[in-house]
Each structure stands twice: as C-alpha cells, then as structure tokens.
Amino acid sequence: MRPLSRLAPALLCALIGSAAVAAEISPWAAGLRAKARLLAGGEANGARLAAVEIAPERGFKTYWRHPGESGLPPAFDWSGSANLAAVEVLWPAPRRFEDGGGVSYGYEGGVVLPLRVTPREAERPVRLALTLDYGVCKDVCIPVRAELSLALPPGGSAAPTPPAIERALSAVPERRAVGAGGELSVLAVEPAGAGKRELLVTVRAPAPPELFAEGPEGWFLSTPPQNSAPPHSFAPVTIPVAVDEHPPEAAGPVPIRLTVTAGGRAIEMEALLDAASISAARP
C-alpha cells in the first residue's frame, strides 16, 4: 500500500482540478419541460467567451431570436452582473418548423448560444448573473424562467474554449454583404414592384436554401419553405419575402436582416427596404 503522504498530493490535485471544472459550468436551472445553464469559455479578439445552454425535454423545441408566427424568443437580463460592460449573444442558424400553430424558427433537441462578454475592467473577474426567460414547445408553448450565475476568470487566465461552445460558434452564420461572391451568397434584394408588399431575394447556394427574414419592431416578414428541388450548378434562386405587417407611418430606408442556410452552411447580412416601394400596396 502506498503511504498516505504520497497519496495526498495527487488527491489534492484531483480535487482542485474537479473544482476548477465545476466552476466553469453553472448548475442546471430546471423548469417545466426544460433546463438551462451557463458555460464558461476562453477568449477571442479581446472579449471573453461564455454560453447559455438550453436543453428541452425530448420532443420539445426552443426558439430563435425571431420565433416566427408563434413562440417566445429568449430574453436576457444581465442587470445583476458584476464588472460587466456588455454581452453579445451569437445565434446559431435556426431551423424552420411548421405545425398547427403556424411557422416557427428555432432549435430541436436544445441549443448552445455563445456569448461575447466585454468586462468593464479586463484584469478583474466577471460575475455573470442572468435572468433568462425562454419558451419551449411541443403542442403548446410553455414559458420558462431560469436564474443563472457564473464567474469568469480575469483576462489572460481563461481556460480553452470547450468543444460545445466551439461547435456552436461554427454554426453561427458568417456575416457577409449583399452581392459578395461565394458558393453561398445573396446576389440581390429588390422590391417585387407592381404594388406588391413583397421583396425578391436572389440567392446562390450549393443546396436548396432556407431564407429567414427579420425586420425592426413593428415589422413582420415571412418566407416560403425551402424548395425541394436542388439548384443546378449553383444556379440563382429567387425567394419572395412577404411584408405581412409594418407600421402605417413607415417611411425611408428600413434595415432588414437576412439569414440563409444551405448544405450545412449559413450566412447573414443586412439589406435596406425602401418603405415607399410597398406604400402603394398598403390596404
């Protein structure tokens, strides 16, 4: 038998290592049909990385920042945090779902939402304190609240980014400009004309593309489901975007955000909608 004096240092190191790992993940906050937690990450471009993980029960889904016709998008309250200047949520590309409640956008089987965390003072730790309100759905939408907290170490001392966050980051759409080249790209965004409350988005993709369109507050844009026929040799595909709702006083250029997924890839860009181009179509 090995002497206790020789076992103690190894045991102490194991305990310290276990505590360090435990400190990098918050406890699960369980709610009805789902649970959530915070994950600590590494560092990137002067910011610290973390993530929110939402895990619904089997058969349930949760929602993207734009939930579609139904559902509850996640809402984040960081006001209880310490040494925190800003948090940017990075959204992996969603899926489109159609059921009795209409069209919704989100994630089945859970999601990890990467966070880009900017501290007020880089040399000090950050304490994240989050009140998270989110929704999960199977047949009906269920609102869930989670209270989460996690300490992030000072700058320069963060552990490597965990694989779960790395995978989530790889699913975040690449930011591109309209007209930029590439196998997956948006070639043009134009009004449909002739008094139609509609935009035409021309996409080049290596597989049938799915388009998600978002407008500012008061606007609701919708798109048709993905075309089942694959494009031939990256031939352009034109996808209509219906302007279903908009403020009656809307005028001037209106920023809209377009996300396109195809073949396991995703891109995101901003375009401007000329409100005057749909004014003639107002009911």
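The values are calculated or read from the model by the stated rules, or taken from the named source; none is laboratory data. Just so it is clear, the model here is predicted, and its values are computed rather than measured. All Cβ positions, glycine included, derive from the backbone under ideal geometry; neighbour counts span all protein chains shown. Heavy atoms of the whole protein, side chains included, go into the accessibility calculation; ligands, DNA and RNA do not. Shrake-Rupley method; radii C 1.70, N 1.55, O 1.52, S 1.80 Å.
For Lys61, the lysines whose Cα comes closer than 19 Å to its Cα, not counting residues fewer than 8 places off in the same chain, are Lys35, Lys138. Projecting the Cα positions of Leu273, Gly101, Val126 onto the charge dipole of the chain (unit charges on Cβ atoms of Lys, Arg, Asp and Glu, taken about the Cα centre) puts Val126 furthest along the positive direction.
What is the gain in length, in nm to one decimal, between Phe220 and Leu32 on full extension, counting 0.36 nm per residue of separation less the C-alpha to C-alpha distance? Provide the component values of the computation, followed by the final result.
On the way: separation 188, 0.36 × 188 = 67.68 nm, distance 2.93 nm.
Computed gain between Phe220 and Leu32 is 64.8 nm.
Projecting label points 7 angstrom from Cα along Cα→Cβ for Glu147 and Ala242 puts them 4.3 nm apart.
Does the range 199-273 come out rounded, prolate or oblate, given a ≥ b ≥ c as the square roots of the eigenvalues of its C-alpha gyration tensor, rounded meaning a/c under 1.5 and, failing that, prolate meaning a/b above b/c?
On the way: a/c = 2.53, a/b = 2.27, b/c = 1.12.
Judged from the Cα gyration tensor, the range 199-273 comes out prolate (a/c at least 1.5, a/b above b/c).
Solvent-accessible area per residue in the range 21-138 equals 43 Å², computed with a 1.4 angstrom probe and all protein chains kept. Averaged over its residues, the range 234-283 has an accessible area of 49 Å² per residue, based on protein heavy atoms and a 1.4 Å probe.
Dipole of the chain, Cα-centred, from +1 at each Lys and Arg C-beta and -1 at each Asp and Glu C-beta, to the nearest 20 debye? Write down the numbers at each step before the final one.
Details: 26 positive and 29 negative charges, 203 e Å.
Around 980 debye, computed over the chain.
Computing the accessible area with a 1.4 Å probe over protein heavy atoms, can you report the carbon and sulfur percentage for the range 80-202? Could the numbers behind the result be given before it?
Values: 2970 of 5900 Å².
The value for the range 80-202 is 50 percent carbon and sulfur by accessible area.
Placing R0 at 22 angstrom, the Cβ-Cβ distance between Val172 and Ala75 gives a FRET efficiency of 0.65 after rounding to 0.05.
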